[in-house]
Structure formats: C-alpha cells, structure tokens
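The values are calculated or read from the model by the stated rules, or taken from the named source; none is laboratory data. Note that the coordinates shown come from a computational prediction; the quantities given were computed from them, not determined experimentally.
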Amino acid sequence: MRVDAEHPERWSNDVLRIAASGEDVVSEAGVQHVTRGVHRVASFRVVRDGLVARGRAYWTGPGADPSPAG
C-alpha cells in the first residue's frame, strides 16, 4: 500500500481487507487515480523478516471483467 501511496502519479488506496497466515499475506484494495479512474487490486505476497520476498498483484476495473454465470 505504501508503494502506491508514495507513487508520483497520485494513486490513492482504500484497503478493503488483509488476511495473513505465516509468511503469506493477501490484500484487496480499491485504488483510485486522478485520470485512470477506480480499480480493484488483489495482491498475494510472501513476507519474510518484515520485507516482501515475492508477490503478485491482479488489477481490474469496474466493468472490465464480466461476472461468471450462475
């Protein structure tokens, strides 16, 4: 979250939830940009000794992905 908060392109974050188990940390955030609009981000990280050892983030925006049928 801190990376986006300090990003020079003016992103802002709303943390929606964080879950952790051992070294694994998962977060969901609402991210807003002044010209690029609102997005959702799901991040999956491995944290060791207080530092991110590796991770992956999936981004989407409103209406970008259709909901599955059912």
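Remarks
- Residue selected from segment 37-57 under the condition farther than 20 Å from SER21 by Cα and not basic (Lys, Arg), by the criterion modelled with the lowest pLDDT: GLY37
- Selection count where residues are under 22 Å from GLU9 (Cα atoms) and outside any strand (DSSP E or B), scope segment 27-60: 3
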